[in-house]
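**Q** Let me give you the structure first, and then I'll get to my questions.
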Amino acid sequence: ACPRYALSMYSLDRNLSLVEALALGGVVQGDDDAVDFTINADWSQVVYYKEKPSEDNSPQAKPTWSATTYCFKSAKYEECGERQNVQPPDPPLLKELRFGDDSN
């Protein structure tokens, strides 16, 4: 079985109705496929980390991580940046989904 993950965040609109502000999720499908998140202390940004398998098939090849940043604007989070070849959070927030990660 492949583990599933989800991060759902909500805000209140001007009428005090609940509005989905951000929904991220998917399936972790094995080694060299992991995810993690960080959330700023003031909740203004969420960073979504995704591990990608190496395109090099050699045994020494290591997976890389990308980070997509979402910024809170007008009651919703909008994508506001992306970086490649980053280090995932240490310690991991979702340690259960980092089983294939050698950095733990």
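**Q** Return the only residue of Ala23, Ala67, Ala61, Ala6 being among the aliphatic types (A, V, I, L, M) and more than 12 Å from the chain's Cα centre (by Cα).
**A** Ala61
**Q** Let me confirm something: among Glu51, Glu55, which residue is out of contact with any helix residue (DSSP H, G or I) (no Cβ under 6 Å at 6 or more places or on another chain) and closer than 13 Å to Pro88 by Cα?
**A** Only one candidate qualifies: Glu51.
**Q** State which residue pairs qualify: first residue among the hydrophobic types (A, V, I, L, M, F, W, C) and inside the range 75-88, second residue outside any strand (DSSP E or B) in any location, beta carbons under 9 Å apart, and separation of 6 or more residues or different chains.
**A** Close Cβ pairs satisfying both conditions: Ala75/Asp13; Ala75/Arg14.
**Q** While we're looking at this one, here's another question. Evaluate the following for Ser8: is it touching an Asp or Glu at 6+ places or on another chain (Cβ under 9 Å), hydroxyl-bearing (Ser, Thr, Tyr), part of a strand (DSSP E or B) and open to solvent by 30 Å² or more (accessible area, probe 1.4 Å)?
**A** For Ser8, the condition - touching an Asp or Glu at 6+ places or on another chain (Cβ under 9 Å), hydroxyl-bearing (Ser, Thr, Tyr), part of a strand (DSSP E or B) and open to solvent by 30 Å² or more (accessible area, probe 1.4 Å) - is met.
**Q** Would you point out which residue out of Pro92, Pro88 is at pLDDT 90 or above and crowded, with 16+ Cβ neighbours inside 10 Å?
**A** It is Pro88.
**Q** Name the residue, out of Glu78, Glu55, that is exposed (fewer than 14 other Cβ atoms within 10 Å of the Cβ) and either part of a strand (DSSP E or B) or in contact with a Lys or Arg (Cβ under 6 Å, 6 or more places away or on another chain) (or both).
**A** The conditions single out Glu78.
The values are calculated or read from the model by the stated rules, or taken from the named source; none is laboratory data. In this text the structure is predicted, and so the values were computed from the model without any measurement. Cβ coordinates were reconstructed from backbone atoms using ideal geometry, including for glycine residues, and neighbour counts include every protein chain displayed. Surface accessibility is based on the protein's heavy atoms, side chains included, excluding ligands, DNA and RNA. Shrake-Rupley method; radii C 1.70, N 1.55, O 1.52, S 1.80 Å.
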